[in-house]
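Written below as C-alpha cells is the structure these notes are about.
Read the figures in this text as sums done on the coordinates, not as results from a lab. If you're wondering where the values come from, they're calculated on a predicted model, not measured in any experiment. All Cβ positions, even for glycine, are placed from backbone atoms using ideal geometry, and neighbour counts span all protein chains on display.
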Amino acid sequence: MSKIALMFPGQGSQSVGMGKDLYEQYPKAKKIIDLAGDELKKIIFEGPQENLTLTKYAQPAIFTASMAAFEVFKELYGFENIEFAAAGHSLGEYSTLCAAGFFDFKDGLSMVKARGEFIQKASEANPGAMAAIIGLAASAVENICRESSSEGVCEAVNFNAPGQIVIAGVSAAIAKAVELASVAGAAKTVVLNVSGPFHSSLMSLAADSMAKELEKYNFNTPKFGVYTNCDASLTTTKDAIKEKLVKQIKSPVKWDESVKNIISSGFDKFIEIGPGRVLSGLLKRIDRSKKALNIEDCASLEKTLEELNK
C-alpha cells in the first residue's frame, strides 16, 4: 500500500489569482470556489493584494483555494489502496481536517471565517508583534524569550524547521528579543508584517471565543489521521479535535516535530496542496532526503500526477 503525506499551507501563502486555472478547467474546483461566495471569489481572483493579505480574507481564501486543489486531486488520482497522513500549518490545519473528513467545506469555511474575526479582535485587544529568528537553536531562542519577557509577553510560537523559529508577544519584548538574537549570532532576524501576536498566550481571548463557536458544529469520524499543531501527535478521533483547535490558537505550532513524526511513521512521499511552496521549503530544511510535490495550479497538478503514476 502506498503511503502519502499531505501538507496544507497557512496564512502568508496567498496570492491573487490562486486556483483560477483549476476553477476554469475542473468542475470540482469550480464548485468549491463558487460555494465560497462572490465576494471572496472576486478577492481571490482579482485582489487587490492588500485586501487578500487582510486576515479576514486571507484565511478563508487560502482554505478555499486549498480545498479546491484537494478535490481535483482526489477526483483524478483516486484514493484506493493509499494510506494517508496529513498536517496543516496553523490555518492549514482546517484544510487538513476538512480533507480528512472531520467536517465538510461549508462548515470549515464558516469556522475559518469566525477564527479570523476572533484573532483580529484579540489582536486589537492585545496588540503585539512577531519576528522570525533564523540560525539559532530552539533552546537559545527560548532563553532569549525568557530574558525579553521583562518587557512583557515574549514566546516562541512557530517551530518551523531547525534554525527557523518565529516568536510573538508585545512589541517592546519582541524588539528586545530581536536585538538579543542578533548579539547571540542569529543569521537573520525579520520582524513579520502581521496584525497580531499569533499563537501566543495573548490570543487567549480568541481561543475562548473559538471554543464557543465550535460547539455549533458536528464533527465526523475521519478517513485518515491528522498530526495536530499543538502537540505534533496523530489525532484520529473527532472528540479530540475541538479541544486541539481551541488550544492551537494560543499555543506554538510544532511543525518541525510534526513532520519528523510523519517521517518516523514511514511516510516518504509528501504533497503540498494549496497556494505556494512554503511547506515544501521547510521539508527540505527538516530532512534533506525528502522532497515534496505540490498542487496549486494545473501545471503542478499534472506534474504531481505524472510523478505519482510512475
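Values for this structure:
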| read-out | value |
| --- | --- |
| The chain - share of DSSP beta bridges that are antiparallel (%, nearest 5) | 50 percent |
| Mean projection area, nm², convex hull over Cα of segment 1-144 | 11.0 nm² |
| Projected area averaged over orientations for segment 234-305, convex hull of C-alpha atoms, nm² | 6.0 nm² |
| Kirkwood Rh and Cα Rg combined as Rg/Rh, segment 29-68 | 0.93 |
| Full-stretch length increase - D268, C298 - with 0.36 nm per residue and alpha-carbon distance subtracted | 8.4 nm |
| Largest-first ellipsoid semi-axes for segment 63-194, taking √(5λ) over the Cα gyration tensor eigenvalues, angstrom | 36, 19, 10 |
| Cα convex hull volume per residue for segment 55-124 (Å³) | 79 Å³ |
| Convex hull volume of segment 1-64 per residue (C-alpha atoms, cubic angstrom) | 99 Å³ |
| Ratio of the Cα radius of gyration of segment 128-195 to 2.2 N^0.38 Å, where N counts its residues | 0.92 |
| Length gained when the stretch R288-Y217 is fully extended (0.36 nm per residue, less Cα-Cα span) | 21.6 nm |
| Whole-Å semi-axes of the chain's equivalent ellipsoid (Cα gyration tensor) | 30, 22, 19 |
| Nearest-0.05 FRET efficiency for K42 and V190, computed from C-beta distance (R0 25 Å) | 0.20 |
